[in-house]
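Note sheet for the following structure.
The values are calculated or read from the model by the stated rules, or taken from the named source; none is laboratory data. Computed from a predicted model, the values in this text were never measured in an experiment. When we count neighbours, we look across all protein chains shown, and the Cβ atoms used for this are built from the backbone with ideal geometry, even at glycine. Keep in mind that these areas ignore ligands, DNA and RNA; they rest on the heavy atoms of the full protein, side chains included. Shrake-Rupley method; radii C 1.70, N 1.55, O 1.52, S 1.80 Å.
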Amino acid sequence: MRYSRWRGGAYHSGVSDAARCFDAARAICRRHAKSFYFASHFLPEQKRLHAYAVYAFCRLLDDAVDEAASHELRERQLQRFELLLADCYQGDLPESREGDSEESLALHAFAITVRRCGIPMKPFLELADGCRMDLTITRYPDWPALERYCYHVAGVVGLIMCYVFELRESQAHAKAIAMGNAMQLTNILRDVKEDRDRGRIYLPQDEMIRFGVSERDIHSGHATPGFKALVRFQVERARSLYADGSSGLSALASDGSRQTASVMATVYGGILGAIERLDCDVFKSRARLTTLQKIGRIPAAFRLARAEPGDPAPAVF
């Protein structure tokens with residue numbers, strides 16, 4: 001049996017206590033995926049626990065890569081991730097036991113989830129490829145190139161969640177990918193300042209030129225009229241993606257899956273409004289929603305969840 005390590009946590013053969021494993025996944029999700037954790041309470045318990053396991057695993061990957069001090073170490077972490085992924089799919093994880101780390105336990109929850117939900121391995125490998133893109137690519141020439149990146153780091157998560165929500169229709173899968181891409185573009189707009197400080201500018205280069213925005217403007221934190229116009233253009237693109245993605249929500253079960261996805265989309269889409277309230281000056285402060293503002297968006301989310309196939313999308317984004 002191959003022994004693997006994830007951020008220093010050793011594993012031992014078999015799973016002795018699934019409840020402890022899913023509790024660990026829930027704790028990670030609660031700390032690091034606040035918008036999803038907020039929305040997840042509408043899910044039935046089994047789907048909710050599997051969703052926590054998926055989000056926890058994705059978070060462990062992000063943390064392992066982000067905390068590495070060099071490109072070489074990050075690539076090593078990605079290779080380790082791929083080995084762990086193979087362990088999970090082949091049933092080769094050593095057994096959990098008392099005293100295992102939270103990360104170790106969450107990994108076991110993930111292994112249970114991929115088997116029970118029938119999630120293919122390919123989307124997780126594509127997620128790893130998205131992390132590799134961040135190791136070598138710091139600029140994107142146009143929207144198609146950026147859209148490909150959005151797919152690899154977020155659209156695939158929407159695809160993975162289709163299996164957790166027991167959604168098998170390929171057309172609905174495409175809508176889930178559009179929703180994931182919308183959320184990633186929202187992240188990009190919210191985090192221009194933070195990404196700049198990491199040496200990355202995700203805004204499409206050809207559109208920066210079109211709106212008269214230079215890298216010097218971004219490095220200086222100067223929200224010029226052109227920069228604000230560029231951000232507004234991206235906000236509308238994100239809204240279009242949310243609208244496209246939301247047209248697939250009616251394919252979800254009404255057991256809470258549809259409501260959860262609608263709340264998640266509506267809350268995350270609300271960040272776009274927060275950006276606009278900053279007059280698109282995302283250098284000034286981080287666009288976010290308070291807990292009360294998230295709660296205030298639930299009625300709009302439920303309107304979205306009630307939409308039937310062919311209905312125009314409610315104006316909630």
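Couple of notes before you dig in:
- Restricting segment 182-212 to residues that are farther than 25 Å from residue 158 by Cα and of a type in the set (A, V, I, L, M), the residue that is most open to solvent (accessible area, probe 1.4 Å) is 209.
- Residue in segment 235-249 that is outside any helix (DSSP H, G or I), closer than 18 Å to residue 276 by Cα, of a type in the set (Asp, Glu) and within 25 Å of the chain's Cα centre (by Cα) present: no
- Some residue of segment 213-225 being without any contact (Cβ under 8 Å) to a residue 40 or more places away in the chain, out of contact with any Ser or Thr (no Cβ under 7 Å at 6 or more places or on another chain), of a type in the set (Val, Ile, Thr) and open to solvent by 50 Å² or more (accessible area, probe 1.4 Å): no
- Residues located in segment 229-241, provided they are open to solvent by less than 40 Å² (accessible area, probe 1.4 Å) and more than 16 Å from residue 190 (Cα to Cα): 241
- Residue pairs meeting the criteria (Cβ under 8 Å; at least 6 apart or on separate chains; first closer than 14 Å to residue 264 by Cβ, in segment 165-176; second surrounded by 17 or more Cβ atoms within 10 Å (Cβ to Cβ) and of a type in the set (Asp, Glu)): 175/244
- Of all residues in segment 267-298 being over 23 Å from the mean Cα position of the chain (by Cα) and modelled with pLDDT of 95 or more, the one that is surrounded by the fewest Cβ atoms within 10 Å (Cβ to Cβ): 277
- Residue ID - nearest to residue 251 (Cα to Cα), chosen from residues in segment 130-152 that are in contact with an Asp or Glu (Cβ under 8 Å, 6 or more places away or on another chain) and at pLDDT below 95: 131
- Residue within segment 102-118 that is closer than 30 Å to residue 200 by Cα, among the basic types (Lys, Arg) and at pLDDT 90 or above present: no
- Enumeration of residues in segment 299-317 that are open to solvent by less than 40 Å² (accessible area, probe 1.4 Å), touching a Ser or Thr at 6+ places or on another chain (Cβ under 8 Å) and either not in a loop (DSSP other than H, G, I, E, B) or not small (Gly, Ala, Ser) (or both): 300, 301, 304, 305, 316, 317
- Summed over segment 135-153, residues that are within 16 Å of the chain's Cα centre (by Cα) and either open to solvent by less than 30 Å² (accessible area, probe 1.4 Å) or of a type in the set (A, V, I, L, M, F, W, C) (or both) total 5.
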